[in-house]
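Student: Handing you this structure, nothing more for now.
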Amino acid sequence: MPLKIATWNINSVRLRMPIVERFLIEHQPDVLCLQETKCPDDQFPSAAFRKLGYEHLAISGQKGYHGVATVARRPIEIVDRRRFCDMQDCRHISVRFPAGGKSLLLHNFYVPAGGDEPDPVINWKFKHKLDFVAEMNAVRAEAGDAAGSILVGDLNIAPLEHDVWSHKQLLNVVSHTPVETENFEAMRKAGDWVDLMRHNVPYEQKLYTWWSYRAQDWEASNRGRRLDHVWSSPNLLPAFKGYEILRAARGWDRPSDHVPVIARFDLE
C-alpha cells in the first residue's frame with residue numbers, strides 16, 4: 001500500500017490556506033501533519049480540507065500560538081494530545097490508522113523554539129525547550145503487533161553538522177547548540193527512532209527545511225537549517241521509499257519559513 005506522509009510548519013494555517021491548498025492539489029499526500037497552526041479548534045478551516053478530500057481531522061489548537069493538526073484522506077483515530085512540562089500548550093497529537101493490515105501510530109510534534117539566548121538560567125524559553133526534549137524520552141517507537149511508528153514535525157533542532165549552513169557559526173545559536181543537539185540525539189536513540197531523512201544520505205550533504213524571514217534573499221544566501229524531521233521505528237525501514245524536501249514552497253506567495261517534507265512508504 002503506497003503511503004505518503006507530509007509534515008509542514010505552516011506558521012498560521014488560516015493565513016496560509018491558499019498555499020496549503022496548492023500543496024495538497026499538487027502533491028496529494030495521504031496524510032498531512034501541520035505545526036504552528038495558531039488557531040483554536042473551532043476556527044480551524046476544516047471545510048476547506050474536506051472540500052479537497054481530507055475528511056478526517058485530528059486537531060489540537062489554541063488561540064494565536066502553537067497548535068498541531070493531522071489531516072488525512074483515510075480514517076484516523078486520535079490516540080493522545082499529550083501535554084509537556086506541566087503546560088497547556090498544544091504541541092503534540094498522535095493518531096492511529098490501518099496500514100499493511102496492521103495499525104500504524106503517527107506522532108505530530110511541535111517542539112518549542114527556545115528563544116534567542118542559549119542559557120537556561122536567564123532564558124526560561126530555552127529551559128522549557130530542554131525540558132520538553134527531556135520529556136520526549138518517554139515517547140518510544142513501537143513495533144511488535146503494530147505496523148510501526150512514525151514521528152514527524154517541527155522539532156526545532158538541527159542536530160548534525162551539515163543540518164545547518166555553518167556548523168562553526170551556529171554553535172552558539174539556539175537550535176544548534178551542543179546541549180540541544182546532544183540531548184536531542186540521545187533522546188532519539190533512547191526511543192529507538194530512525195532518522196529517515198539521514199538514512200542513506202551522505203553525512204556531508206547539506207539538508208535544510210527552514211530559511212529565515214530575516215534574509216533579504218533567502219535563496220541566494222541559502223542559510224538554512226534542518227528543523228523538520230521524519231523518524232520511524234526500525235521495522236519500517238524496509239518500507240521506506242524516500243522523501244522530498246519541497247524547497248520551492250519557500251518561494252510561494254506569502255510562504256512559511258519552513259517547507260513541506262514528504263515521506264513515502266510501501267506497506268503491504
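Student: Restricting the search to the stretch 6-45, which residues are part of a helix (DSSP H, G or I), in contact (Cβ under 8 Å) with a residue 12 or more places away in the chain and more than 19 Å from ASP253 (Cβ to Cβ)?
Tutor: ASP41, GLN43
Student: Take the stretch 109-152 and flag every residue that is on the phi > 0 side of the Ramachandran plot and in contact with a Ser or Thr (Cβ under 6 Å, 6 or more places away or on another chain).
Tutor: So the first thing to find is which residues in the stretch 109-152 are on the phi > 0 side of the Ramachandran plot, and the list is 114-115, 144, 148.
Scanning the stretch 109-152 gives a single hit, GLY148.
Student: Could you say which residue among SER256, SER233 is buried (at least 22 other Cβ atoms within 10 Å of the Cβ) and farther than 26 Å from PHE23 by Cα?
Tutor: Selected residue: SER233, the only one of SER256, SER233 that is buried (at least 22 other Cβ atoms within 10 Å of the Cβ) and farther than 26 Å from PHE23 by Cα.
Student: State the number of residues belonging to the stretch 242-268 that are farther than 25 Å from ILE10 by Cβ and assigned to a strand (DSSP E or B).
Tutor: Residues flagged as farther than 25 Å from ILE10 by Cβ and assigned to a strand (DSSP E or B) within the stretch 242-268 amount to 1.
Student: Here is a follow-up. Exactly one condition in (1) surrounded by fewer than 16 Cβ atoms within 10 Å (Cβ to Cβ); (2) of a type in the set (Ser, Thr, Tyr); (3) closer than 26 Å to SER233 by Cβ is false for TYR65; which is it?
Tutor: (3)
Student: Another question, then. If you take the residues of the stretch 141-158 that are touching a strand residue (DSSP E or B) at 6+ places or on another chain (Cβ under 8 Å) and surrounded by fewer than 23 Cβ atoms within 10 Å (Cβ to Cβ), which of them is modelled with the highest pLDDT?
Tutor: ALA141
Student: OK, next. For the stretch 124-159, give me the residue count where each residue is touching a residue at least 60 places away in the same chain (Cβ under 8 Å) and either basic (Lys, Arg) or part of a strand (DSSP E or B) (or both).
Tutor: Total meeting the criteria: 7.
Student: Restricting attention to the stretch 201-245, report how many residues are under 16 Å from VAL164 (Cα atoms), in contact with a strand residue (DSSP E or B) (Cβ under 6 Å, 6 or more places away or on another chain) and among the charged types (D, E, K, R).
Tutor: 2
Student: Just checking, how many residues over the stretch 58-83 are outside any loop (DSSP other than H, G, I, E, B) and either of a type in the set (Lys, Arg) or under 17 Å from the mean Cα position of the chain (by Cα) (or both)?
Tutor: First, the residues of the stretch 58-83 that are outside any loop (DSSP other than H, G, I, E, B): 58-60, 68-72, 77-80.
Next, only the ones that are either of a type in the set (Lys, Arg) or under 17 Å from the mean Cα position of the chain (by Cα) (or both) stay: 58-60, 68-72, 80.
Number satisfying all stated conditions: 9.
Student: May I ask you to list the residues in the stretch 98-117 that are farther than 23 Å from ASN137 by Cβ and in a strand (DSSP E or B)?
Tutor: PRO98, ALA99, LYS102, SER103
Student: For the stretch 193-205, enumerate the residues that are surrounded by fewer than 15 Cβ atoms within 10 Å (Cβ to Cβ) and touching a residue at least 40 places away in the same chain (Cβ under 8 Å).
Tutor: Of everything in the stretch 193-205, those that are surrounded by fewer than 15 Cβ atoms within 10 Å (Cβ to Cβ) and touching a residue at least 40 places away in the same chain (Cβ under 8 Å) turn out to be HIS199, TYR203, GLU204, GLN205.
Student: Counting only residues that are touching a helix residue (DSSP H, G or I) at 6+ places or on another chain (Cβ under 8 Å), more than 15 Å from TRP231 (Cβ to Cβ), surrounded by 17 or more Cβ atoms within 10 Å (Cβ to Cβ) and among the aliphatic types (A, V, I, L, M), how many does the stretch 159-188 have?
Tutor: The total comes to 1.
Student: Applying the selection to the stretch 219-230, what residues are crowded, with 19+ Cβ neighbours inside 10 Å, farther than 14 Å from LEU106 by Cβ and of a type outside the set (D, E, K, R)?
Tutor: Matches in the stretch 219-230: GLY224, LEU227.
Student: Which residues, taken from the stretch 161-184, are in contact (Cβ under 8 Å) with a residue 60 or more places away in the chain and assigned to a loop (DSSP other than H, G, I, E, B)?
Tutor: Once the filter is applied, which keeps residues that are in contact (Cβ under 8 Å) with a residue 60 or more places away in the chain and assigned to a loop (DSSP other than H, G, I, E, B), the stretch 161-184 yields TRP165, VAL174, SER175.
Student: Would you check which residues across the stretch 37-62 are touching a Cys at 6+ places or on another chain (Cβ under 6 Å) and either under 16 Å from TRP8 (Cα atoms) or crowded, with 22+ Cβ neighbours inside 10 Å (or both) and list them?
Tutor: Hits for the stretch 37-62 are SER60, GLY61.
The values are calculated or read from the model by the stated rules, or taken from the named source; none is laboratory data. Just so it is clear, the model here is predicted, and its values are computed rather than measured. FYI the Cβ positions are ideal-geometry reconstructions off the backbone, even for glycines, and counts take in every protein chain you see.
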